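*Asks:* Below: one structure in structure tokens.
The values are calculated or read from the model by the stated rules, or taken from the named source; none is laboratory data. All values derive from a computational prediction rather than experimental measurement. Using ideal geometry, Cβ is built from the backbone for each residue, glycine included, and neighbour counts are taken over all protein chains shown.
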Amino acid sequence: MKKRESVRHIMANEPLVLHLNDGLSEAEKLFKQHHVRHLPVVSGDKIVGILSMTDLAHISFVDSYDPNDFSVDTSVYSLFSLEQIMVRNPKCISDKATIKEVAEIFLEASFHALPVVDDDNKLIGIVTTTDLIKYLVEQY
């Protein structure tokens with residue numbers, strides 16, 4: 001296992017994003033169509049938040065959900081905006097960070113996705129706990 005391997009090796013490049021003015025229906029559509037569980041929220045090319053499938057489940061009072069058959073009561077979408085539901089100013093990681101640094105953050109964190117940003121704080125990728133686990137499995 002390489003000790004200084006870059007997060008760029010495991011991150012998703014050019015991630016799907018939500019724009020601040022997108023609705024929650026758009027978020028659900030992207031989650032379902034692309035089988036992802038986290039969507040960065042951007043204003044321009046700067047990250048301002050992140051939304052997870054779990055965030056949508058919470059507002060619809062779902063006790064549990066199947067990520068492969070995710071359905072919520074969409075009537076609640078009219079009660080909330082994306083900005084109200086998303087996690088604002090999420091923890092981000094530099095594209096110069098190592099996979100080890102990503103693992104250390106996830107070890108201490110209660111979230112499962114990290115937006116990856118460049119020196120100008122522009123979103124360039126996303127890395128998840130699933131990406132990290134896949135990488136570790138490949139090493140053995």
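*Asks:* Hey, does segment 101-115 have a residue that's in a strand (DSSP E or B) and farther than 26 Å from residue 57 by Cα?
*Replies:* no
*Asks:* With respect to the numbered conditions (1) in contact with an Asp or Glu (Cβ under 9 Å, 6 or more places away or on another chain); (2) under 18 Å from residue 113 (Cβ atoms); (3) surrounded by 13 or more Cβ atoms within 10 Å (Cβ to Cβ); (4) modelled with pLDDT under 95, which one is the sole condition not fulfilled by residue 46?
*Replies:* (3)
*Asks:* Does any residue of segment 118-129 turn out to be buried (at least 16 other Cβ atoms within 10 Å of the Cβ) and either farther than 21 Å from residue 55 by Cβ or of a type in the set (Asp, Glu) (or both)?
*Replies:* So far as segment 118-129 goes, yes, one or more of its residues are buried (at least 16 other Cβ atoms within 10 Å of the Cβ) and either farther than 21 Å from residue 55 by Cβ or of a type in the set (Asp, Glu) (or both).
*Asks:* Across segment 13-41, what is the number of residues that are in a strand (DSSP E or B) and modelled with pLDDT of 95 or more?
*Replies:* Total satisfying the criteria: 6.
*Asks:* Which residues, taken from segment 88-100, are surrounded by fewer than 19 Cβ atoms within 10 Å (Cβ to Cβ) and either assigned to a helix (DSSP H, G or I) or of a type outside the set (Ser, Thr, Tyr) (or both)?
*Replies:* Of the residues in segment 88-100, the ones surrounded by fewer than 19 Cβ atoms within 10 Å (Cβ to Cβ) are 88-92, 94-96, 98, 100.
Across segment 88-100, the qualifying residues are 88, 89, 90, 91, 92, 95, 96, 100.
*Asks:* Of all residues in segment 119-140, which are among the acidic types (Asp, Glu) and either without any contact (Cβ under 8 Å) to a residue 24 or more places away in the chain or touching a helix residue (DSSP H, G or I) at 6+ places or on another chain (Cβ under 6 Å) (or both)?
*Replies:* Of everything in segment 119-140, those that are among the acidic types (Asp, Glu) and either without any contact (Cβ under 8 Å) to a residue 24 or more places away in the chain or touching a helix residue (DSSP H, G or I) at 6+ places or on another chain (Cβ under 6 Å) (or both) turn out to be 120, 138.
*Asks:* Looking only at segment 20-48, count every residue that is closer than 12 Å to residue 126 by Cβ, among the β-branched types (Val, Ile, Thr) and either touching a strand residue (DSSP E or B) at 6+ places or on another chain (Cβ under 7 Å) or touching a residue at least 24 places away in the same chain (Cβ under 8 Å) (or both) and tell me the total.
*Replies:* 3
*Asks:* Report every pair of residues separated by at least 6 positions or lying on different chains whose Cβ atoms are under 9 Å apart, first residue within segment 97-111 and in contact (Cβ under 8 Å) with a residue 24 or more places away in the chain and under 14 Å from residue 134 (Cα atoms), second among the β-branched types (Val, Ile, Thr) and in a helix (DSSP H, G or I).
*Replies:* Within 9 Å, the pairs are 99/7; 102/7.
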